[in-house]
Structures are given as C-alpha cells and as structure tokens.
Amino acid sequence: MITARRVDVTPALFSGVKETLKETSAMVKTGRGAQQRDGRISMPKKCVGHRTCRSVAVSVVVAVALAVGPVAGFVHGWDTVGSMLGSNLHSAFNGRYTPEPSSMKHWEWIANNYAVVVLGRFEDFNPAAGYNCTCPLESSRTQVARILKKINPRIKLLWYQNVVGDMTCMCCNEPLLARPEWWLKDDAGNPILFHGTAEACVNATGPTAGGCAPYLDWTIPAARQWWMTQPLREVCGPNSVADTKQLIDGMMMDGAMYSNPRPSNLSTARYDVQFAAKMVALEEAQALYHGMNGGEMWGNPLMPSGPPHWGPPRPTDPPSRSYNDTLQHYAGAFDESFGAFGTLEDEWGECITGKPGGPPGHQINCSGEWDVDKMMASFYAARNATIYDKKSLCIHAFPGPAGSPIGGVNGTAPATPQPPHYTPPGEVVSAGWFGPVKAPWQVMQAPEFTPLDVVNAMKQASAEMLVQSLASFLIIAEETSFFGYGWFYDIESGYAPCDDNRTLCLAPDDWHPAFSKHLGPPHGPAVQSGINGTVWTREFDGASVYVDLKNRSASQITWKEVLA
C-alpha cells in the first residue's frame, strides 16, 4: 500500500486553527449556539418529522454555529453574467491524462473567465510515470491549480472531496483501504460499500483498488482528519506550505445531506450518529480552510432529497417553505440539480428510472416541466442562504429538462459511463431529457447521423435552452452566488468554447452572447405574483427577468438598450 504524506494541522501552516477547532469542539459538547442568530432560528426547539432531529447528538451538532460566524463569502460584481461564472469541473477530455497539451487552451480560458472553480475528478494516470498518488508526483488537479492560479491569482479554487474516497482521484483512497477500522459497518458488522464487494475491499491492492469504495465512519477523528486534508497531501515540492495556501481556497463535500446509504441494514439510530459526526467533519474542515487563508467549505447539494430533509423555516418564508439546515455547519453550497433532476415533475419517481411506479394501470407521464413546489422551495433556499446567512452558492444548471439517463455523446449508441464518472476517450458525458422531447444524443444514432451531426445539435440545444436556466438563476442571484451551465462536468460538456475539437465540444461556437451583455446590479429581490405565486420577476439595470414556474418555456430575459 502507498502511505499518504501526513499533513498536521499546526500553527506554522494554519495560524489559529487549533484554537478554532478547540472552540468548535467545546461548542459541540456544551450545545452552545442553539439560539436565535440575526433574528433567525438556528435550531428549532421542536423538529416535527425532521429526520436529523431523531437523536440528541444531531440536535447538539445542528446548534453549532460556524466558527467564523455569518461572514460574507466569495463575492462577484454585477457588470455581466460572465463575471459570475463558477462550476465543478472534471478533467478536460476525461479518460486521458490531465493536463496535456490538447487541454491547455481550455484551462487558460477557464482561468480568464471563471470566478470560482471546484476541481473535481481528474484522471491521474500519466503514461510516462504511472499514477500520481504521492509526492513527488503531484496530482493532475494540483497541476491544473498551478496553471489556473498562475494565469489568474484571483480565481477561487475549491477541491472536490466525495464522501467516498475513490470519487476524488484514482488512488486517493488507498490509505482508507489500508485501514478497515475506518470503514462504516452495518448493524451486522459488514462494511458498507458505494461499489465493489467486501472480498474485493479486503484484498484490494494497487491504484484502482479493485473497484472497492467503502463509506467512511465519520465518528473516528483520525478518519475525518484524513478525509479533510486530502487536498493538502496533493501539493508537493520545497514550497508546499506556501503553495498550499495559495492554491487551495477551500473544499467541497459531495454528499453533505442526510442520506442513510443502506437503510435496510444500518439502523436510523446509528446513522443519526454518523450524520452528526459528518456535520462535525464539515465544521472542522471549515475551520481548517478558513484559518488557512480565509477559504470556505462547501457542501452539495443545496436541496436534499425532499421536504423531510429540509431545515427550519426562516421568518421571510411563506408557510411550508424551508431551508437546508446542514448549511449551518459550513460556508457555502453547490446546487447540482437546479431546475433539473429532482426539481422536475415526477409524481411517482418514474421519469428518472423509466419504470412504472404509480398505481396499477398508471401511465408514465414525464412532462419535462418543473415541479412548482420544489422549484419554489429551491428559490427560497437559495435566497435564504445568500441574503440572510451570507453563504456562497454555486448553481449548476443543465440545458433543458435534464435527468436520466446519463450517457455518452459520440454519435453512436449511448454508453453509460462506469462508476463513478469514468468517460471513455472520444466521448462526452451528458445528461438526457426525460420530457416528451429527448436530448439530441438520445435520438440521433449512427449510421444515420455522424458524431458531428450530434454535437452540432447539442450545441444548438445548449444555446436555445440557456434562457430557462439563466432566468431562474437571475431570480435568486446575489453577490455571493455563481452560475455554471453544462451537460455534465467535463469541460467539453459546455463550460468553455473548444472549436478546435468540434466532435468533443458541446458549447455553442459563439459561446453564450448573453454572458457578455450588460446586466448591472438588481433593483431589489425578485417579486412574486400570479396564482399561487408561481410568477417571479426581477429588474436589473440592464435586463428584465420573467419566470413562470408552471411553464419553463415561458422564461424570458429582456436586455435593455445601453445608452451611450
């Protein structure tokens, strides 16, 4: 096994972090902070029907405020939408070593045009040197971070870390595999795995670890420290301490919500303890990265899987509107299903699975329209996070009514990538549409259509559908919210123009002209009207925005004439 380079939390590296962590620990033990903050309830005294309130441990942890307090997060200007760009990006041309010459111009473009980037999953196999697992070989995303920061020192870079180790880099979870005592076990003592088998995990060797991916036991402090310091272990060289502060502006946990991975064999009581410990991990990571350089800890998703998981309402919310309470433990949120997936109409959960889920004789009906209640709750959650709690928020929007299936765009039969996000060379991963109209890649098949035919149709769909996502974002946009738009997470799925490789680029050739138009600051929050408040409008200096949650195709952005 490869031994990870240990990174200690010391005053030399992170001034004041130890004291912050000590204070956080004391707050967890005493429950201080369970009170009103800025006129808003941090922890309700009664949590009727709220899963995270089923144990005292969770109640105590939810009461803990961020060690840094409700300070403003990363901030953008209002001149153009282009000044608000941010997203979670995988390696360019995923499935090949990154960085390589063919991807350089795209990273340069990202550096010059994005305000915030979460460095996601990267392919770390170098044909010349093997896998980049430990120093002196830096991980691919560290190399990309150096490129981005050299071009634009002001760009904010957060490092993606899933709750499952192997979804970060090819061999990052080898230390986890070497410590089975860190693995989450079910009520019978068996390891709980994201994928793979218990036998594969026990006998796993090598960078790919035999496909083994155990869940982490968050109640173990050493396991939490290993998890939150993964980005630090990827920075090498004689100036690694200074470089770490310069390259890493924070971290994002993918899977911050309450979600029992195996409800059939992990009791609710035991999972509640795990969830409470996961919130401690988020607080510890927030203290770590904020203490390092003012960085931020983010969590995905903004909106967990339904009303039972949403947190206490704020005074500004209409009845039944709600909020993600895990945000009390960290500085920002990443919303990867804004206007897509779980926010679409899908009464019986059929549109994502494609299988009947309603009563006998029920016909699957996937309209592709928004679920009004879920989109409205999403709007309120976003406004609560940014306006009232001063959190950062990164919206990831998809073109059209995106959902399942996830497939490969290459002009041939769709190919579902293997877990977690491996993309075969020569393909671009994309979400499908589960409305009555399908995404071009779902219906344009060879030999009738060439790969270029499919890509051109995807480019056109991306351009035509932008207004639905962008208008919705502008309704909730604040100075700490950012916007990303693409078919999935690889750069070539829509995040940068790449006309030099047209069969591997889903962004419109002229990029998105709306991103360069003058927007200007908003004249105030969005205004609700219409029956049941489904119509939202908002005025900016340079644009008027209209969204009707009952009709996504009616979304409008009217750009105002700029007087000389």
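Values computed for the structure shown
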| quantity | calculated |
| --- | --- |
| Selection count, the stretch 524-536, where residues are more than 30 Å from residue 493 (Cβ to Cβ), touching a residue at least 12 places away in the same chain (Cβ under 8 Å) and not in a loop (DSSP other than H, G, I, E, B) | 3 |
| Matching entry among 508, 513, 521 (being in contact (Cβ under 8 Å) with a residue 60 or more places away in the chain and more than 19 Å from the chain's Cα centre (by Cα)) | 521 |
| Residue in the stretch 271-282 that is under 17 Å from the mean Cα position of the chain (by Cα) and outside any helix (DSSP H, G or I) present | no |
| The one condition in (1) out of contact with any Ser or Thr (no Cβ under 7 Å at 6 or more places or on another chain); (2) part of a helix (DSSP H, G or I); (3) crowded, with 22+ Cβ neighbours inside 10 Å that residue 243 fails to fulfil | (3) |
| Single match in 445, 460 (criterion: at pLDDT 95 or above and surrounded by fewer than 19 Cβ atoms within 10 Å (Cβ to Cβ)) | 460 |
| Only listed residue being surrounded by 24 or more Cβ atoms within 10 Å (Cβ to Cβ) and acidic (Asp, Glu), chosen from 541, 490 | 490 |
| Pairs with Cβ under 8 Å, 6+ apart, first in the stretch 257-278 and over 14 Å from residue 217 (Cβ atoms), second of a type in the set (Gly, Ala, Ser) and open to solvent by 60 Å² or more (accessible area, probe 1.4 Å) | 257/305; 259/305; 265/188 |
| Leading residue by the ranking (least open to solvent (accessible area, probe 1.4 Å)) among those in the stretch 501-514 that are modelled with pLDDT of 85 or more and not in a loop (DSSP other than H, G, I, E, B) | 514 |
| Residue match in the stretch 524-543 (condition: within 29 Å of residue 157 (Cα to Cα) and aliphatic (A, V, I, L, M)) | no |
| For residue 498: the one exception among (1) open to solvent by less than 10 Å² (accessible area, probe 1.4 Å); (2) more than 23 Å from residue 341 (Cβ to Cβ); (3) touching a strand residue (DSSP E or B) at 6+ places or on another chain (Cβ under 8 Å) | (3) |
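Residue-by-condition table, conditions (1) modelled with pLDDT of 85 or more; (2) part of a strand (DSSP E or B); (3) of a type in the set (A, V, I, L, M, F, W, C):
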{"residue": "142", "(1), (2), (3)": "yes, no, no"}
{"residue": "157", "(1), (2), (3)": "yes, yes, yes"}
{"residue": "176", "(1), (2), (3)": "no, no, yes"}
{"residue": "194", "(1), (2), (3)": "no, yes, yes"}
{"residue": "200", "(1), (2), (3)": "no, no, yes"}
{"residue": "210", "(1), (2), (3)": "no, no, no"}
{"residue": "218", "(1), (2), (3)": "yes, no, yes"}
{"residue": "227", "(1), (2), (3)": "yes, no, yes"}
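Every residue, every condition in (1) over 30 Å from residue 475 (Cα atoms); (2) at pLDDT 90 or above; (3) in contact with a Ser or Thr (Cβ under 9 Å, 6 or more places away or on another chain), yes or no:
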{"site": "247", "(1), (2), (3)": "yes, yes, yes"}
{"site": "281", "(1), (2), (3)": "yes, yes, no"}
{"site": "290", "(1), (2), (3)": "no, yes, yes"}
{"site": "302", "(1), (2), (3)": "no, no, yes"}
{"site": "317", "(1), (2), (3)": "no, no, no"}
{"site": "345", "(1), (2), (3)": "no, no, yes"}
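The values are calculated or read from the model by the stated rules, or taken from the named source; none is laboratory data. Predicted, not measured: the structure shown is a model, and the values here were computed from it. Backbone-built Cβ (ideal geometry, glycine too); neighbour counts: all protein chains shown. Keep in mind that these areas ignore ligands, DNA and RNA; they rest on the heavy atoms of the full protein, side chains included. Shrake-Rupley method; radii C 1.70, N 1.55, O 1.52, S 1.80 Å.
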